[in-house]
Amino acid sequence: MRKLFLSIIFGSSLLATAQETTTNDALRYAVNNLTGTARFRAMSGAFGAVGGDLSSINVNPAGSLFFNNNFASITGTSFNAHNRSDYFNTRTKENFSSLDLNQLGAVLVFNDNSGKTDWSKIVVGLNYDSTNNFDNTIFSAGVNPYNSIGNYFIDKAQGLPLNYMQLQPGETISQLYSYLGQTSGLGFPAQQAMLGYQAYIFEAFDDNDPDNIDYYTNIPPGGNYYHENYVQTSGFTGKLTANIATAYKNKLFLGLNLNAHFTDYVKSTSVYEGNNNDLYTSGLTVTDIQFDNELYTYGTGFSMNLGAIYKFTDSFRAGIAYESPTWYHLNDELSQRLITRTTDGTSNFQNFVNPNVVNIYESYKIQTPSKWTLSGTYIFGKKGLISVDYATKDYSNIKFKPTNDSFFRDLNTDMRNQFKDAMELRIGGEYKIKQWSLRGGYRFEESPYKVDFAMGDLTGYSAGLGYNFGESRLDLAYANDHRNYNLALVSSGMNDAARIRTTNNNITITYSVNF
């Protein structure tokens, strides 16, 4: 339905072979938010050796063996993101809230009480968890004393012959944009250069020479460029898990997950620039720029989990779990438009360059890093428990494929140089008072970057409570986490970025039933 809708709006589409994929696109799928049931979230996901929760099987698939009966749960969450932006000492704030049904699943428990085998229990389960909620808005504004966003278009144009940016007699913007993306072999960079040229952001030193490769800007130098950047994202990544687990002598618990992944992501950006400098005394001066993009990414993936838990005593047990890479198969669609205002000193002009074309890129693959988790929990009889999970994930192993593609090969090299093996620590506790359960948790996730200024560490806290009705249970959780990171206005031509601090405040409710 969405593809049809886009085709109706933009009128045409094309197949292009290159785009400006970045390390942020990789981290979108390699870094997962903490989601799941209310009990799981209230204890900050420290469930690797606890089990007995449908979201816990995402950490250690052997955890399903701690269900005593057939069990099902359904979960909804209120997501709230508060984004504070700092761009050249100007602070702005933006809030966004959404609701989501983020978990649904059930397990079936089969006990063998005959005494004929030491493998006395088998559990099978099916569970859906939303692993990322992308619904968010970010607004940044400030005066850049150094660089114009027009540098982005000039950067793409340098060295490109003028004839690739000029309209031929009878040719439309849509036709030229499509040709550059599909037929010319120059792809995305040439499309960006053409947009800038047609919007008069820059001009050729020799307009009569089709082989001209040198250009000058119509944006006055000197800094003091007022910038606004509005980013709106929506969508999700979800995981459907088929779980099977078995117990040996009620001491050793082994589990396996097969996971199908789904993603649907839309990112709309609008970056604006107002020029506060003096006008050129001759020729054109660009006074305003607005650059709009919409990226739509969708696809599927596969992964698997293996896990083991050993019960040393009735009070203490430990677990180890392995999560394989997720192999995603993704598709991107991109639409763009560029609007500028120019003046020659006497008259003002608006230049509206809208190709009305959707770039439909060749499918590609992302391999996210694998993950190891070590867990331990101590149970205080029927009163409660405390649990600790320690996990490692080497983000330098992220790969875009096909690896023989020169752009992806260079991007993979950049990620090997920038990313590191990062650790996660989760601590959770639960205390029971009759039918009530009180819970709390803490988690810490290291930045994927060796130099963490691009994306900082994440710190989170959680709390919750539950009430057991006997055959059913109602759980409520509150979770808070925050992380700092850089957000660039454009992907190249200028290195200036807004510093974003995102704080998430989420409320989760789960209804569970034994059957």
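Figures for the structure shown
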read-out	value
Within segment 72-99, tally of residues that are of a type in the set (A, V, I, L, M, F, W, C) and more than 19 Å from GLY460 (Cβ to Cβ)	4
Counted residues, segment 89-105 - those being open to solvent by 70 Å² or more (accessible area, probe 1.4 Å) and closer than 24 Å to TYR226 by Cβ	4
Residue match in segment 77-87 (condition: of a type in the set (Phe, Trp, Tyr), modelled with pLDDT of 95 or more and farther than 18 Å from THR503 by Cα)	no
Condition check for THR368: within 19 Å of ASN259 (Cβ to Cβ) and surrounded by 15 or more Cβ atoms within 10 Å (Cβ to Cβ)	yes
Residues located in segment 305-325, provided they are open to solvent by 60 Å² or more (accessible area, probe 1.4 Å) and either assigned to a strand (DSSP E or B) or more than 16 Å from ILE386 (Cα to Cα) (or both)	LEU306, TYR310, PHE316, ILE320, TYR322
Set GLY493, GLY429: member being of a type outside the set (A, V, I, L, M) and not in a loop (DSSP other than H, G, I, E, B)	GLY429
Test: residue in segment 494-509 that is among the hydroxyl-bearing types (Ser, Thr, Tyr) and open to solvent by 60 Å² or more (accessible area, probe 1.4 Å)	no
So LEU240, is it surrounded by fewer than 16 Cβ atoms within 10 Å (Cβ to Cβ), within 34 Å of the chain's Cα centre (by Cα) and in contact (Cβ under 8 Å) with a residue 12 or more places away in the chain	yes
One residue from THR131, THR92, THR172 being more than 30 Å from ASP288 (Cα to Cα) and not aliphatic (A, V, I, L, M)	THR131
Filter result for ASP211 (open to solvent by less than 70 Å² (accessible area, probe 1.4 Å), outside any helix (DSSP H, G or I) and acidic (Asp, Glu))	no
Given (1) closer than 30 Å to TYR364 by Cα; (2) open to solvent by less than 40 Å² (accessible area, probe 1.4 Å), index of the condition GLY384 fails	(1)
Positions within segment 129-148 being open to solvent by 40 Å² or more (accessible area, probe 1.4 Å), not in a loop (DSSP other than H, G, I, E, B) and not aromatic (Phe, Trp, Tyr), in sequence order	VAL143
Scan of segment 381-411 for residues that are farther than 30 Å from ALA49 by Cβ and either assigned to a strand (DSSP E or B) or modelled with pLDDT of 95 or more (or both), ordered by number	LYS399, PHE400, LYS401
Conditions (1) within 30 Å of THR285 (Cβ to Cβ); (2) assigned to a loop (DSSP other than H, G, I, E, B): number failed by ASN151	(2)
Filter pass, VAL107 being over 27 Å from SER406 (Cα atoms), in contact (Cβ under 8 Å) with a residue 24 or more places away in the chain and either assigned to a loop (DSSP other than H, G, I, E, B) or touching a Leu at 6+ places or on another chain (Cβ under 8 Å) (or both)	yes
Breaking point among (1) buried (at least 16 other Cβ atoms within 10 Å of the Cβ); (2) at pLDDT below 95; (3) of a type in the set (D, E, K, R), for ARG337	(2)
Scan of segment 371-381 for residues that are hydroxyl-bearing (Ser, Thr, Tyr) and open to solvent by less than 30 Å² (accessible area, probe 1.4 Å), ordered by number	THR373, SER375, THR377
Enumeration of residues in segment 62-90 that are assigned to a helix (DSSP H, G or I) and not aliphatic (A, V, I, L, M)	GLY63, SER64, PHE66
Among (1) open to solvent by less than 60 Å² (accessible area, probe 1.4 Å); (2) closer than 15 Å to GLY150 by Cα; (3) assigned to a loop (DSSP other than H, G, I, E, B), the one test that TYR200 misses	(1)
Out of SER174, SER98, SER114, SER148, sole residue that is more than 27 Å from the chain's Cα centre (by Cα) and free of Cβ contacts under 8 Å to residues at least 40 places away in the same chain	SER114
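Yes/no per residue for (1) closer than 21 Å to VAL123 by Cβ; (2) modelled with pLDDT under 90; (3) touching a strand residue (DSSP E or B) at 6+ places or on another chain (Cβ under 6 Å):
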position	(1), (2), (3)
ILE9	no, yes, no
ALA18	no, yes, no
ASN24	no, yes, no
THR35	no, no, yes
PHE47	yes, no, no
ASN60	yes, no, yes
PHE67	yes, no, yes
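The values are calculated or read from the model by the stated rules, or taken from the named source; none is laboratory data. This is a predicted model, so every value here is computed, not measured. So basically every Cβ, Gly included, is an ideal-geometry build from the backbone, and we count neighbours across all protein chains shown. Just the protein is used for accessible areas: all its heavy atoms, side chains included, with ligands, DNA and RNA removed. Shrake-Rupley method; radii C 1.70, N 1.55, O 1.52, S 1.80 Å.
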